[in-house]
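Engineer: Just passing along the structure, written as structure tokens.
Nothing in this text is a laboratory measurement; each read-out follows from the coordinates by a stated rule. Small disclaimer: the values here were computed from a predicted structure and weren't measured. Here the Cβ is made from the backbone with ideal geometry for all residues, glycine too, and neighbour counts use every protein chain on show.
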Amino acid sequence: MRINKTEILLLAAFVLVAAVFYLVSFGAEETDRIFITISTFFFSIFTGFFISRQGSRYSKLRETISTFDGKLSSIYRAAQNVSPEVQKQTGDVIRTHYERTLHDRSWEHHFSDESVIISSIHQVLEDQVGSNKQESLRNQAVGRMLAGLSDAQVLRKNMVMLYQERIPSFQWFLIIFFLVMLLMSISVIPSVGEFLGSILKAAFVISLISVVIILRSLDNLHLFEGFIGENSAKDVLANIK
């Protein structure tokens, strides 16, 4: 299991914070527990709600991207029943789209202004099929391709909607505000010269910061290594190649 950069920074921060708590007094003999209780309550309410909401958003978006990729793979396979030329041109359009997506490491390419994958496949069908009469199998294959393109367009709109459901700035302000209150309340708890107390305080501080990092990663859709939909995009390319 690889340790990413964030984990290394958190570990270094834990050691540093523990050392500071062990060596430095913040000038308070005791702290009113009511501040810690209130701050913890509101911080947990806000972060718990948004982590749940953003986690659901992340899962829905992954499912939508996978369905979108599956539709395009299905369109490519259906194209072989139309003609070799239609399948080749359709594969070229899909491959170009996903190679660009993987190169830029940006799933947003599925619905960005530069993305013309759906209109390009429509154009391939118009150029290669047009108003020509088709045999039964080819006619059904064209119908499947058009239905898949229609579904893909709906999925793109769903991606846009889910992408825009981010945490507003005011909610971020409240989360950071209660985080700062908690950190200040914890810092004034006496721990100079107490090894265990310093370790526990540092662990609590790093845990709070980790929660905010996780929430930020969910909000930016960067929870795991790589970008969202990366493996699915590679699978689509593998099917074509």
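Engineer: Once the piece of chain linking Met184 and Asn239 is laid out straight, how much longer is it, given 0.36 nm per residue of separation minus the C-alpha distance between them?
Structural biologist: 14.3 nm
Engineer: Provide, in order from the shortest bin, the percent of all Cα-Cα pairs of the chain in each 10 Å bin, continuing until the bin that contains the maximum pair distance.
Structural biologist: 7, 24, 22, 16, 13, 10, 6, 3, 0
Engineer: Before anything else, pin down the relative contact order of segment 82-220: Cα pairs under 8 Å, at least 6 apart, normalised by residue count, whole percent. List each step's numbers first, then the result.
Structural biologist: On the way: 47 pairs, mean separation 31.7, N = 139.
Averaging sequence separation for qualifying contacts and normalising by length gives 23 percent for segment 82-220.
Engineer: Once the Cα atoms of helix 5-23 and of the chain are each reduced to a long axis, what angle between those two axes, in degrees from 0 to 90 to the nearest 10, is obtained?
Structural biologist: For helix 5-23, the angle is close to 10 degrees.
Engineer: Hey, another quick one. Segment 1-110: which GluC sites (Glu not before Pro) are DSSP loop and have at most 12 other beta-carbon atoms within 10 angstrom?
Structural biologist: Counting only loop positions with at most 12 other Cβ atoms within 10 Å, the GluC sites (Glu not before Pro) in segment 1-110 are Glu29, Glu30.
Engineer: Dimensions of segment 55-105 along principal axes (Cα, Å, largest first)?
Structural biologist: Its Cα atoms span 43, 23, 7 Å along the three principal axes.
Engineer: Taking the Cα centre of the chain as the origin, how large is its charge dipole in debye, to the nearest 20, when only Lys and Arg (+1) and Asp and Glu (-1) carry charge on their Cβ atoms?
Structural biologist: So the magnitude is around 520 debye.
Engineer: Next up: Segment 150-191: which trypsin sites (Lys or Arg not before Pro) are DSSP loop and have at most 12 other beta-carbon atoms within 10 angstrom?
Structural biologist: none
Engineer: With the cut-off at 29 Å, tell me which of the pairs Lys60/Lys88; Lys60/Lys234; Lys88/Lys234; Lys60/Lys201; Lys5/Lys201 have Cα atoms farther apart than that.
Structural biologist: Beyond 29 Å between Cα atoms: Lys60/Lys88; Lys60/Lys201.
Engineer: Okay, next question. Between Ile8 and Leu146, what length in nm is gained on full extension when 0.36 nm per residue of separation is reduced by their alpha carbon distance?
Structural biologist: Result: 44.8 nm gained on full extension.
Engineer: Additional query: By count of other Cβ within 10 Å, fewest leading, how are Tyr163, Tyr98, Tyr58 ordered? Could you put the intermediate results ahead of the total?
Structural biologist: On the way: Tyr163 15, Tyr98 24, Tyr58 19.
Result, fewest neighbours first: Tyr163, Tyr58, Tyr98.
Engineer: Moving to a separate point now. Which one of Ala147, Ser191, Ser44 has its Cα pushed farthest toward the positive end of the charge dipole of the chain, where Lys and Arg give +1 and Asp and Glu give -1 at the Cβ?
Structural biologist: My answer, from the dipole projection, is Ala147.
Engineer: Starting from the exponent 0.38 and prefactor 2.2 Å, build the expected Rg for segment 94-206 from its residue count and divide its actual Cα Rg by it. Before the final figure, lay out the partial values.
Structural biologist: Numbers: Rg = 27.2 Å, N = 113, 2.2 N^0.38 = 13.3 Å.
Taking the Cα Rg and dividing by 2.2 N^0.38 Å, one obtains 2.05.
Engineer: Report relative contact order for the chain in percent, whole number only (criteria: Cα-Cα under 8 Å, sequence separation at least 6).
Structural biologist: The normalised contact order for the chain reaches 44 percent.
Engineer: Further, regarding this structure: If we count other beta carbons within 10 Å of each Cβ, what is the order of Val82, Val142, Val211, Val15, fewest first? Mind showing how you got there, number by number?
Structural biologist: Details: Val82 24, Val142 20, Val211 17, Val15 12.
Exposure proxy ranking, most exposed first: Val15, Val211, Val142, Val82.
Engineer: For n ≥ 4 DSSP H runs only, could you compute -39500 (n - 2.57) per run for the chain, divide by its residues and tell me the 222 nm figure to the nearest 500? Before the final figure, lay out each step's value.
Structural biologist: Details: 8 runs with 184 residues, N = 241.
Helix-only estimate at 222 nm: -27000 deg cm²/dmol.
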